[in-house]
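The values are calculated or read from the model by the stated rules, or taken from the named source; none is laboratory data. Please read all numbers here as calculations on a predicted model, not as lab measurements. Note that we place each Cβ from the backbone using ideal geometry, even for glycine, and neighbour counts take in every protein chain shown.
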Ligand SMILES: [Zn+2]
């Protein structure tokens, strides 16, 4: 029963969103060597505490969000658009 | 008679009598009765048989903690097993029966287990799984295999109905400022205080009357209290259980809207499942009185002390005549007083030798320093042996003739909801109970759920709870304090087990699961000393009462054995639900056709009108086949597939995913997403493309059309449409924010028909305003064009074929889809054409070796399915590095092939395992993924995978093994392109 405050739609139940994955991954360029991709795709930290993760507001504005959530308490400390320019667009 | 209804006591409505049926006999009760009180009023004392030993069991409490009176309510499809008689409201015509007994609770053949009890001790099942000593200890499970069916039949309590549930259940949502759980004196005080500050307050009470423990007070008027709360604007929800507390003050509630008998308001649900979001939750869920473990403490007639007071003052039922009350705390004395007033003879055994204040009374005898030792009697209590403590052992000193033994071993605050939030309770040794820990979230515990016993203190704690909530919500800044825990004049003295001198005693810790003190000691001896292990090994606290009465006794025994204090042994975590929740309530309206939303294509009705039999395909319903008179599905699809190859067929393929891609960087985007080259796709051309996942396996396939320099139209498979869309959005928003591209799902905006077969051009000649525009020159294979159907209806026509025949897909605005089908079908009929469905579509594509989700199952690479030449080596794209991983390019990977039966009369099914001859075992060397009868070839064919592919196996006969259907057949491995491998027909 997590609530996620979508920057565009407001606070909504997590059932409107779908979980993406680890938001801390920096994806290699497409022509990067295989080892870099293996690391980005398969290696994950098992974090106890605040974790950065992506969620998509799939039944709302469809925005991809970067969410900081505690894996212990589910407390969400930050929600922002993954796309760097989107926040500015919303603010205007 | 030992329990009976008495005049001038209770709050039941004696004007209104209800007839009910218990074990096939009719009885009477009153409005306001529970089933338990009505049974007791009729002096029915044995209401069930225990789980393992089939011992007679009676009513042991008056609430949700009940672990004796579990009964089955209703019959036929309305049968509801394991209902607590204590919280079942009586209604006219209620039908109830006992459980776990044959032929009846009064005479039960299973009670022979009582004499075999040493075989049923803790860990019985686990040991039996391991092999039974001494015959096969640790060696095997033959004995278990033999006995399993008998054990399974004997295990378990009530039996559920096998019939569909005829009742309706609903889901609902609500919001409020403050939600108060429990309507005892504390909860009512909280609700009033919060409502007074103009807050939106919901008060939840699981009972059908509000008041909580006050219902056992003669002076308390529940209806007045309800009216007052409502006048203050409190939203009171009776018959509603808060079964779970979740993140962000979300509560799961079950509201019991109507009982089974209610013939009126048929449209009302039986139960309503609520999800309520509160800003603050105040929990006044009360406390449970504990029993005491001593020999034969389960004989019908034994009960918790406070329960007896409720039966008297709420229901007007006196539960015994010669009553012994055994206690270690002050709370029992009020009940003793009340029972004497109602005419019972009462003796109080108080474990405590010296009391600060004099609790003795002229009306009843009090014997200090004395404990209950053993109950004599099997089906009812005849007498009680009592003992005193000498050098910390118990010694029998006397026997008291009685018909009831009431027990109070102390009180356990109901910290369940707080425990759902992961807040561990703290041990309060002064009050011998776990009290709630501090919650960081907006949750406040009040009343006896906080460990506060006195009524005035409970009311004060309720007001403080409301003030705490107001402060934490930032509404006020009022100073408040909570009364301290406890509140008895004389402190409680620990009393959990009175140890019986004989071995093999029956001192029950958990009545419902027949767990005795000896079972706890056995678990300790065998090394199961952690609380969580103890629980699982003995099943202590795992019945549907979840150990509300007995858990602490088990803990104290284990603490004793380990020489530790209770808090150092630990406490098990309570998890939702607080009381059982029916599956029907969880399912709500999502049953039958409403199980999931139905997606239909815009020509859904047209398909039905034209004789389609439909099939669920993902969220969609699609035409499966169009049977003519008396045709089976096989007749129909074989005819349809043959017609497509001979003349022409029309098929609704709207369910494909459709995505519009627009923006100056669209070409770059498309080129990064597909594995094959797209950078040079000309305008008005479409191309078949494959997308990989990040890990290099195939995600989906489809076509992509170039509409202009900066605009594309993508189709995806039906199954992956949503996933592909979300992935494209992720790429644009998360990974490549610099690309100026927008993607929009337009799946619902278009209706699509595929028309294919050698007569396609003749059919379309009659359908288009200007048919010259689809000439071979103007619209070559993989081209698309804007056109008008007759009546000047604009559409897009793409020359794409899934069937391997000359074919077009016609895209039209969804609103014109039915009109399009009319136009196409009227023309196709003249050329002996047909409508075809998913089954024929599948047959046609299997013949051609085209892959779908059955082959692109998330485990296959682009090379596995024979499309390796579509993986560009000249560019980088999603998955391009990862697809070259060693495991994905290993020599012996399974490759796509076609399968023919050697004996052309043989059939086979998807899932058949391909094995080498003379080596039919394990995973084999391949598998069949899709099968069909090929009208063209005249026998069954299949698509699938085999290690090494067709090159390795084309001259060798293999075996198809289908152990589930007990089938085996010889199979020939062929190229997956089983028909027209050169693709001449496409270009025809
Ligand atoms: Zn949103």
Inset, instruction - Pull up segment A:35-72, narrow it to residues that are under 18 Å from residue A:1 (Cα atoms) and part of a loop (DSSP other than H, G, I, E, B), then point me to the one that is nearest to the chain's Cα centre (by Cα). - result: A:57
Inset, instruction - Say whether the condition of being under 23 Å from residue B:298 (Cα atoms) and in a helix (DSSP H, G or I) is met by at least one residue in segment B:526-534. - result: yes
Inset, instruction - List every residue pair whose Cβ atoms lie under 6 Å apart, where the two residues are 6 or more positions apart in sequence or sit on different chains, the first residue falls within segment B:732-758 and is closer than 26 Å to residue A:37 by Cβ, and the second residue, located anywhere, is assigned to a strand (DSSP E or B). - result: B:733/A:64; B:734/A:64; B:743/B:659; B:743/B:661
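Yes or no, residue by residue, for (1) at pLDDT 95 or above; (2) within 14 Å of another protein chain (Cβ to nearest Cβ):
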| residue | (1), (2) |
| --- | --- |
| B:829 | yes, no |
| B:834 | yes, no |
| B:839 | yes, no |
| B:852 | no, no |
| B:871 | yes, yes |
| B:877 | yes, yes |
| B:883 | yes, yes |
| B:887 | no, yes |
Inset, instruction - Return the residue satisfying two criteria in turn: it lies in segment B:230-243 and is touching a residue at least 40 places away in the same chain (Cβ under 8 Å) and touching a helix residue (DSSP H, G or I) at 6+ places or on another chain (Cβ under 6 Å), and of such residues it is farthest from residue B:478 (Cα to Cα). - result: B:236
Legend entry - Filter pass, residue A:73 being within 26 Å of residue B:248 (Cβ to Cβ), within 12 Å of chain B (Cβ to nearest Cβ) and within 15 Å of the ligand (Cβ to nearest atom): no
Legend entry - Tally, over segment B:676-689, of residues that are touching a helix residue (DSSP H, G or I) at 6+ places or on another chain (Cβ under 6 Å) and either crowded, with 21+ Cβ neighbours inside 10 Å or not assigned by TED's automatic domain parsing to the domain that holds residue B:729 (or both): 1
Inset, instruction - List the number of the failed condition for residue B:505; all other conditions in (1) under 27 Å from residue B:65 (Cβ atoms); (2) buried (at least 23 other Cβ atoms within 10 Å of the Cβ) hold. - result: (2)
Inset, instruction - Report, ordered by the first and then the second residue, all pairs with beta carbons closer than 6 Å, sequence separation of six or more or different chains, a first member in segment A:46-60 that is within 14 Å of another protein chain (Cβ to nearest Cβ), and a second member that is part of a loop (DSSP other than H, G, I, E, B) and within 16 Å of the ligand (Cβ to nearest atom). - result: A:55/A:17; A:57/A:17; A:57/A:63; A:60/A:9
Legend entry - Qualifying positions in segment A:61-70 - more than 9 Å from the ligand (Cβ to nearest atom) and either within 11 Å of residue B:730 (Cα to Cα) or buried (at least 18 other Cβ atoms within 10 Å of the Cβ) (or both): A:64, A:66, A:67, A:69
Inset, instruction - Among the residues of segment A:3-60, write down those that are under 24 Å from residue B:671 (Cα atoms), within 15 Å of the ligand (Cβ to nearest atom) and surrounded by fewer than 16 Cβ atoms within 10 Å (Cβ to Cβ). - result: none
Legend entry - So residue A:5, is it at pLDDT 95 or above, more than 10 Å from chain B (Cβ to nearest Cβ) and assigned to a helix (DSSP H, G or I): no
Inset, instruction - Give the number of residues within segment B:68-83 that are outside any helix (DSSP H, G or I) and within 24 Å of the chain's Cα centre (by Cα). - result: 10
Inset, instruction - Identify the single condition in (1) without any contact (Cβ under 8 Å) to a residue 40 or more places away in the chain; (2) in contact with a strand residue (DSSP E or B) (Cβ under 7 Å, 6 or more places away or on another chain); (3) away from every other protein chain (no Cβ under 11 Å) that residue A:12 does not satisfy, given that it satisfies every other one. - result: (1)
Inset, instruction - Looking only at segment B:346-357, decide whether some residue is modelled with pLDDT of 95 or more, more than 20 Å from residue B:373 (Cα to Cα), in a loop (DSSP other than H, G, I, E, B) and outside the structural domain of residue B:55 (by TED's automatic domain parsing). - result: no
Legend entry - Qualifying strands (runs of 3 or more DSSP E) (wholly inside segment B:694-808; at least 1 residues being in contact with a strand residue (DSSP E or B) (Cβ under 7 Å, 6 or more places away or on another chain), within 14 Å of chain A (Cβ to nearest Cβ) and over 30 Å from residue B:607 (Cβ atoms)): B:742-745
Inset, instruction - Considering only segment A:16-34, state which residues are in contact (Cβ under 8 Å) with a residue 24 or more places away in the chain, within 10 Å of chain B (Cβ to nearest Cβ) and farther than 15 Å from residue B:731 by Cβ. - result: A:18
Legend entry - Complete set of residues in segment B:796-835 that are touching a helix residue (DSSP H, G or I) at 6+ places or on another chain (Cβ under 7 Å) and either farther than 19 Å from residue B:647 by Cβ or in the same structural domain as residue B:980 (by TED's automatic domain parsing) (or both): B:797, B:812, B:818
